[in-house]
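The values are calculated or read from the model by the stated rules, or taken from the named source; none is laboratory data. Keep in mind the model is a prediction, meaning the values are calculated, not measured. Here the Cβ is made from the backbone with ideal geometry for all residues, glycine too, and neighbour counts use every protein chain on show. The accessibility values were calculated without ligands, DNA or RNA, using every heavy atom of the protein model including side chains. Shrake-Rupley method; radii C 1.70, N 1.55, O 1.52, S 1.80 Å.
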Amino acid sequence: MSEQWTPGAFPTAPLDAKFRQDLQRALEQTHRQQAARRKLGARSKPKAAAPLRQGLRLAVIVLALLLLIRLLRSSGNARTA
């Protein structure tokens, strides 16, 4: 594997006319689809971080409520003592 590849070492295969037409059609279709998505504001993939962010937000709210309850109970015990 010490030999290095050179571009002129092998002849290139000519592309078939039908292949070129199919490739051009596919590229145009892809371009139209992407333009339509951008125009509509649609995303190609939904964000995976959204459920994680919602879970973290819920965990912070629950933690804050638990701390508030504990603080209120401890302040209630201090008044009765």
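The sole residue among Arg38, Arg70 that is part of a helix (DSSP H, G or I), modelled with pLDDT under 90 and open to solvent by 100 Å² or more (accessible area, probe 1.4 Å) is Arg38.
Per-residue answers, yes or no, for (1) in contact with a Gly (Cβ under 6 Å, 6 or more places away or on another chain); (2) modelled with pLDDT under 95; (3) in a helix (DSSP H, G or I):
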{"residue": "Met1", "(1), (2), (3)": "no, yes, no"}
{"residue": "Trp5", "(1), (2), (3)": "no, yes, no"}
{"residue": "Pro11", "(1), (2), (3)": "no, yes, no"}
{"residue": "Pro14", "(1), (2), (3)": "no, yes, no"}
{"residue": "Arg20", "(1), (2), (3)": "no, yes, yes"}
{"residue": "Leu27", "(1), (2), (3)": "no, no, yes"}
{"residue": "Gln34", "(1), (2), (3)": "no, yes, yes"}
{"residue": "Lys45", "(1), (2), (3)": "no, yes, no"}
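Considering segment 47-56, the residues that are open to solvent by 100 Å² or more (accessible area, probe 1.4 Å) and part of a helix (DSSP H, G or I) include one that is modelled with the highest pLDDT, namely Leu56.
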